[in-house]
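A.B. asks: I'd like to ask you about the structure that follows.
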Amino acid sequence: MTSTFTDFSAKEPSLGYFYQIKYALLILLTHSKELDNPKVRIENLDDIEIEDINTLQLLQTKLHIKNKANLTDASVDFWKTIRIWSEYINNGTIDLDSTIFNLITTEEIPNSSILHRFKKNITLDSEVSEVITVLDKIAIDSTNKTNEKAYLAYQNLSIENKKNLIKRIRILDNSIGITEINDKIKKELIFSTYPSTIDAFLEILEGWWFRKSIDNLTSTIDFISSSELQLKIANISDSFQADNLPNHFPVQLEITDEDVENLKERKFLKQLELIKIKTNSKTLKLAISDFRRAFEQRSKWLRLHLLNPDEEEEYDLKLHDYWKNIFDIMSDQAEDKSLDELTELGKGFYLEQFAKTCPQIKIRDKFNEDYLTRGSYQILADSKKIGWHPNFKDEI
């Protein structure tokens, strides 16, 4: 029997990034109820920062999967975080008086640790002094080389800044892990959609959130705002109404020459070849993109029980009926034409009626995505239920 070794040490950093991005969404959802149109940044001053007109909150997220342990007084996680915050204070990057410092960790703080004090607000001057005394002793006496720079950055703080920092640190230990975070997000969205569609709702929201997060990480955008998130949630909610459907594939696909080669035996491409649509042309690649998007979207709706199979069949019948009306008119023009003329007639029929323009046949009243219509016609062409050439039934 083969034994499989799972290297969590390699996987943990990757999961940490996913956790950080998902946690940023959760933070913006929860804080939007109490802050004035807050905005989130990822990997800017900290793992996550959330800011409104009055306050800035910095959040360090620490996800541990293997060797999960207690968060001790000399913890690398804690002191690495203290170093970052201390350096920001020392070089004037942040306004200490309006900043809250948060450490979010899946580890646990034992009751015996001084870090246990940070689980609640430290307000009494006597308690602040006790914490500073303990942290000073660790920073001075410890021989831990890993924390050496962190100890130095902390010791460079003035006594006043140490006091203000201590009062503004919050540690949330035993935080939710990577597998629980979706449930927490869904609870925040509980009134945004029907109970039966919450998973599908979150899938669309997460897709949008990850795209926005990448834009933020690459400095394409400076932040993601609460109002922007609220608008997206409202738009997704609208797509789950009885007269609409969610759009899981809003972006046109990039089709390569290799994709064309792999699909060259499909009947919908044979149909386009018959009317002399050039292989590897943009027109043909657009048809492949529409075909794939429509196929995947319809399949997803059926899997999520958002679309009734009878409704899908009725939609195809409407598409076929529209095609037949104009195909019959085109066929009348095909009488006594040469082979080349028939090809040109079919090419013009396809380009003018289905490529340059799109029939306005909707699967639901408010779902207005042309790719679904165009792609569904390609699906019908793939099964030879429709075609573009006047003699497609004989030629394919």
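The values are calculated or read from the model by the stated rules, or taken from the named source; none is laboratory data. None of the values given here were measured: they were computed from a predicted structure. Cβ: placed from backbone, ideal geometry, glycine included. Neighbour counts: every protein chain shown. The protein model used for the area step is the full one, side chains on, heavy atoms only, and it has no ligands, DNA or RNA in it. Shrake-Rupley method; radii C 1.70, N 1.55, O 1.52, S 1.80 Å.
A.B. asks: Given the chain, what percent of its DSSP beta bridges are antiparallel, to the nearest 5?
C.D. replies: 45 percent
A.B. asks: Using a 10 Å cut-off on Cβ atoms, rank the peptides 374-380, 264-270, 191-197 from the highest mean neighbour count down.
C.D. replies: 374-380, 264-270, 191-197
A.B. asks: Output wanted: per-residue J couplings in Hz (rounded whole) for the range 144-159, from phi through Karplus 6.51 cos²θ - 1.76 cosθ + 1.60, θ = phi - 60°, x for Gly and Pro.
C.D. replies: These are the phi-based 3J(HN,Hα) values: 5, 5, 4, 8, 4, 5, 5, 4, 5, 4, 5, 5, 6, 5, 5, 4 Hz.
A.B. asks: So what is the calculated 222 nm ellipticity per residue for the chain, using -39500 (n - 2.57) for each DSSP H run with n of 4 or more, over all residues, to the nearest 500 deg cm²/dmol?
C.D. replies: Theoretical 222 nm ellipticity from helices: -16500 deg cm²/dmol.
A.B. asks: Continuing with this model, one more query. Assign one of three labels to the range 259-324, namely rounded, prolate or oblate, based on the Cα gyration tensor with a ≥ b ≥ c the square roots of its eigenvalues; rounded applies when a/c is under 1.5, prolate when it is not and a/b is larger than b/c, and oblate otherwise.
C.D. replies: oblate
A.B. asks: Stick to the Cα atoms of the range 101-219, pair each with every other, and give me the Kirkwood hydrodynamic radius in Å at one decimal.
C.D. replies: Computed over Cα pairs of the range 101-219, the Kirkwood hydrodynamic radius comes out at 17.8 Å.
A.B. asks: Given a 1.4 Å probe and every protein chain left where it sits, what share in percent of the accessible area of the chain is carbon and sulfur?
C.D. replies: Carbon and sulfur: 49 percent of the exposed surface of the chain.
A.B. asks: Based on the Cα gyration tensor of the range 150-233, what are the three equivalent ellipsoid semi-axes, each the root of five times an eigenvalue, rounded to whole Å and given largest first?
C.D. replies: The equivalent ellipsoid of the range 150-233 has semi-axes of 36, 19, 12 Å.
A.B. asks: Related question: What number, in percent, do you get for the relative contact order of the chain if the mean sequence gap of Cα pairs under 8 Å and at least 6 apart is divided by its residue count?
C.D. replies: It comes to 15 percent, rounded to a whole number.
A.B. asks: Between Lys22, Lys149, Lys167, which gets the highest mean-square fluctuation from a Gaussian network model of the chain, Cα cutoff 10 Å?
C.D. replies: Result for the chain, Cα springs under 10 Å: Lys149 fluctuates most.
A.B. asks: Mean separation of Cα pairs under 8 Å and 6+ residues apart, divided by the residue count of the range 268-354: what relative contact order is that in percent?
C.D. replies: After rounding, I find 37 percent.
A.B. asks: Next question, about the same structure. Roll a 1.4 Å probe over the protein chains and send me the accessible area per residue for the chain in Å².
C.D. replies: Computed with neighbouring chains in place, this is 53 Å² per residue.
A.B. asks: Let me ask another. In µm²/s, what is D for the chain at 25 °C and 0.890 mPa s, where D = kT/(6 pi eta Rh) by Stokes-Einstein and Rh is the Kirkwood radius from Cα pairs?
C.D. replies: My calculation gives 96 µm²/s for D.
A.B. asks: Just add up the charged neighbours of Asp97: K/R +1, D/E -1, any other residue whose Cβ is under 13 Å from the Cβ of Asp97.
C.D. replies: Taking every Cβ under 13 Å from that of Asp97, the sum is +1.
A.B. asks: While we're looking at this one, here's another question. Report, in whole Å, the centroid distance computed from the Cα atoms of the range 38-55 and the range 212-258.
C.D. replies: The range 38-55 and the range 212-258 have Cα centres separated by 21 Å.
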